[in-house]
Amino acid sequence: MAADISRSLRHNLESLFLGRDNGSDPQLFVGDTTSAATVDGVYSRSVSVSVPSITDPDSASVDVDVSAFAISVAVGDQVLVTPSAALPTNALLSGAYVVSTDTVRVVYTSVGGNVTGSAVNHKITVIKVTNGT
């Protein structure tokens with residue numbers, strides 16, 4: 001009985017969040033239901049990132065090599081970066097994006113004082129999508 005309930009719940013969640021219904025491919029809707037992007041895969045890994053020293057008020061970025069991922073990360077892929085531990089005092093993770101093949105740029109900002117850099121493990125998640133029409 002539990003398996004039937006979980007299948008039903010999974011189907012409902014896929015329909016609600018991914019636009020999947022009646023066995024179609026999962027789709028992530030961007031803007032409205034007429035322009036959709038197909039999710040080709042979600043890949044995640046833990047990576048050590050050297051958070052840079054930053055003089056307040058300023059920002060600094062670090063290019064992270066992600067060639068160890070099971071896929072080739074490309075410009076246009078969506079990335080989510082989450083520190084696995086506290087960032088150095090006064091450091092704020094302010095963004096991340098793919099800057100070139102297999103390289104993710106992570107941007108940090110100082111808030112309220114200087115940042116003394118240190119290595120922090122981060123979870124980097126890449127979402128590969130194919131743009132719809």
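Bear in mind that the values in this text are calculations on the coordinates, not laboratory data. Small disclaimer: the values here were computed from a predicted structure and weren't measured. Counting neighbours? That spans all protein chains shown, and the Cβs are built from the backbone with ideal geometry, glycine included.
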Taking a spot 7 Å from the Cα of S48 along the direction of its beta carbon, which residues of the range 86-103 have an amide N less than 18 Å from it? 86-88
Ranked S72, S118, criterion: other C-beta atoms within 10 Å, fewest first: S72, S118
So between T38 and R105, what do we pick up on full extension, going 0.36 nm a residue minus the alpha carbon distance? 21.7 nm
Around S53, which amide H atoms from residues at least 5 apart in sequence, or from another chain, sit under 5 Å from its own amide H, with H modelled in the peptide plane? G117
The range 36-115: radius of gyration over Cα atoms, expressed as a fraction of 2.2 N^0.38 Å: 1.19
Karplus (6.51, -1.76, 1.60) ³J(HN,Hα), θ = phi - 60°, over the range 77-87, in Hz, Gly and Pro reported as x: 5, 8, 10, 10, 10, 9, x, 8, 9, 4, 6
Give me the net charge for the shell around G76: Cβ to Cβ below 15 angstrom, other residues only, Lys and Arg +1, Asp and Glu -1. -1
Any residue on another chain or 5+ positions along whose placed amide H is under 5 Å from the amide H of V73 is listed here as D102
